[in-house]
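Below you'll find the structure I mean.
Please treat every number below as a calculation from the coordinates, not as lab data. Computed from a predicted model, the values in this text were never measured in an experiment. Using ideal geometry, Cβ is built from the backbone for each residue, glycine included, and neighbour counts are taken over all protein chains shown.
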Amino acid sequence: MNAPVHDLSTRIVHHEYTPPAGFLAPQPGVFKASTVIFPNVAAMRAREWKDKSSYTYGLHGTPTTYQLEERLCTLEGGQQCLLVPSGLAAIATVALALLRAGDEVLIPDNAYGPNKALAEVELKHYGIRHVLYDAMDPADLAAKITPATRLVWLEAPGSVTLEFPNLREMARICRERGVTSALDNTWGAGLAFAPFDLEGDGSSSLAVDISAHALTKYPSGGGDVLMGSIITRDEPLHLKIKLTHMRLGLGVGANDVEAVLRALPSVGLRYRAHDIAARELARWMGAQEAVVQVLHPALAGSPGHEHWKALCGSANQGDGAAAGLFSVVIDPRYTQAQVDRFCDSLRLFKLGYSWGGPMSLVVPYDLPSMRKCATPQLRPGTLVRFSIGLESVEDLRRDLAQALALAFAA
């Protein structure tokens, strides 16, 4: 016989009302939990979290995180997905799951800087060696793979300088040599090309093994969420990473998951809008006297353009697909102070890192400090990267024009 409960606080905590099932709305519900309640001890002992068949603890998944993971698999063509607190966390989790003391990881010289820094410092502490390779030379990658190589990072295009590699050939080399390949797919976002179907014929005959994605960028789209994903198609590989993910205690907030779920249906429209605007402004900047080179994979003459065209060129009825990023090289006759003045003179473009949000951004870079391999594909000068937002192209063009006049007037 149940003892009567009279205390108000107890009655509120253990309230018996359960909403009726069958509620449907455009956006899924947001479930927040650390503790997950089990109906009995048998269920507590029997439940399995590794295959998403049930729930055991908040870190291992909720209906909200499961839904985002499954939708991201659809976006990138994967079968399993893990959510992590940032894009860099995705890179670090892959490294910690797959590398041990004595192993070797290969990283393109033009990779995302924090990926290289992770290898240079943290992985080195664990006795893991890293080697940089020339992303524009598949033969250099092939020559640097050794029996100790356990992981090869790929990036398309390169960070900041946006050279587009022969991704198909490099993935083929990794597969032939039996080395796990991991792609930083933040730029492609699952929209420019399919990382698990690089031949584009639906056969998945040529694919990367892992796609790491900074959801902070295009899937979020608001410049207000930090999150990353790790997507695979191989169950044993996924489980290996998932167990490391569990042991590291990685989790993401339900409200951040909600924000990405809300933004995801419009990611294709936004990506296309960023792309169209970036190409128009990149072409315009290429005609300006102060600019000696424009770096944008979709523009003829940009390093690796032919590789971009082969992999991404069939999207959008043959227009191809590219993110809203481009960089320019400012003529070396202008000083760093003048380049800084140009950036400071911009009014609509804001100084800030990241990209993929509604606001256009600009960052000047000290390229020599970022590269160890030779860069013959790049003209001498000072590099400035632009992330194009969702403002009017004409307003952005006027902003660029006035800043160019202020900084580089004869």
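Normalised radius of gyration for the range 253-322, please: alpha carbon Rg relative to 2.2 N^0.38 Å, two decimal places.
Numbers: Rg = 15.7 Å, N = 70, 2.2 N^0.38 = 11.1 Å.
Normalised by 2.2 N^0.38 Å, the Cα Rg of the range 253-322 equals 1.42.
Around residue 364, under 13 Å between beta carbons, what's the net of Lys plus Arg minus Asp minus Glu among the other residues?
Numbers: positive: 341, 385; negative: 340, 344, 366.
So the environment of residue 364 carries a net charge of -1.
Pairing the Cα long axis of helix 254-263 with the longest principal axis of the chain, what angle in degrees results, from 0 to 90 and rounded to the nearest 10?
50 degrees
If the label point is 7 Å along Cα→Cβ of residue 144, which residues in the range 87-114 have backbone nitrogen under 12 Å from it?
What the label zone holds, given the 12 Å backbone N cut-off, is 105-111.
Please list, in order, the residues from the range 371-410 whose amide nitrogen is less than 18 Å from a point placed 7 Å along the Cα→Cβ vector of residue 287.
Answer for the range 371-410: 393-405.
Output the 0 to 90 degree angle, nearest 10, between the alpha-carbon long axis of helix 63-76 and the longest principal axis computed from the alpha carbons of the chain.
40 degrees
Starting from the Cα-Cα distance between residue 33 and residue 406, subtract it from 0.36 nm times their residue separation and give me the gain in nm to one decimal.
Working: separation 373, 0.36 × 373 = 134.28 nm, distance 5.40 nm.
Going from the current span to full extension adds 128.9 nm.
Quick one: how many lysine pairs in the range 41-265 have C-alpha atoms under 16 angstrom apart, if they're 8 or more apart or on different chains? The partial results should precede the final answer.
Values: 50/240; 50/242; 52/240; 52/242; 116/124.
Lysine pairs meeting the criterion: 5.
Pop a pseudo-label 7 angstrom from the Cα along the beta-carbon direction at both residue 44 and residue 354 and give the gap in nm to one decimal.
Label-label distance for residue 44 and residue 354, simple model: 4.0 nm.
So what's the angle, to the nearest 10 degrees on a 0 to 90 scale, between helix 393-408 and the longest Cα principal axis of the chain?
50 degrees
Further question: Please give the contour-minus-distance gain from residue 124 to residue 13: 0.36 nm per residue of separation, less the Cα-Cα distance, rounded to one decimal in nm. Walk me through the numbers on the way to the answer.
Details: separation 111, 0.36 × 111 = 39.96 nm, distance 4.99 nm.
Result for the pair: 35.0 nm of gain on full extension.
Going by average Cβ neighbours within 10 Å, how do the peptides 90-103, 29-42 rank, with the highest at the top? Intermediate values should be presented prior to the final figure.
Working: 90-103: 20.1, 29-42: 11.4.
So the order, starting with the most tightly packed, is 90-103, 29-42.
Among DSSP beta bridges lying fully in the range 266-408, give the percent that are antiparallel, nearest 5.
On the way: 15 of 17 bridges.
Antiparallel: roughly 90 percent of the beta bridges in the range 266-408.
Which net charge results when you count Lys and Arg as +1 and Asp and Glu as -1 among the other residues whose beta-carbon is under 15 Å from that of residue 271? Walk me through the numbers before you get to the answer.
Details: positive: 217, 270, 272, 279; negative: 76, 275, 319.
So the surrounding residues net to +1.
Then there is this: Helix-derived [θ] at 222 nm for the chain: sum -39500 (n - 2.57) over DSSP H runs of at least 4, divide by residue count, nearest 500?
Dividing the helical sum by the residues of the chain leaves -10000 deg cm²/dmol.
Calculate how many DSSP beta bridges within the chain are antiparallel, expressed in % of all such bridges and rounded to the nearest 5.
On the way: 26 of 44 bridges.
Of those bridges, close to 60 percent are antiparallel.
Applying a 10 Å radius around every beta-carbon, put 124-137, 378-391 in order of their mean neighbour count, most first. Display every interim value, and only then the final one.
On the way: 124-137: 17.5, 378-391: 19.8.
Ranked by mean Cβ neighbours within 10 Å, highest first: 378-391, 124-137.
May I ask you to compute the full-extension gain from residue 379 to residue 169, defined as 0.36 nm times their residue separation minus their alpha-carbon distance, rounded to one decimal in nm?
On the way: separation 210, 0.36 × 210 = 75.60 nm, distance 2.58 nm.
Between residue 379 and residue 169, full extension yields 73.0 nm more.
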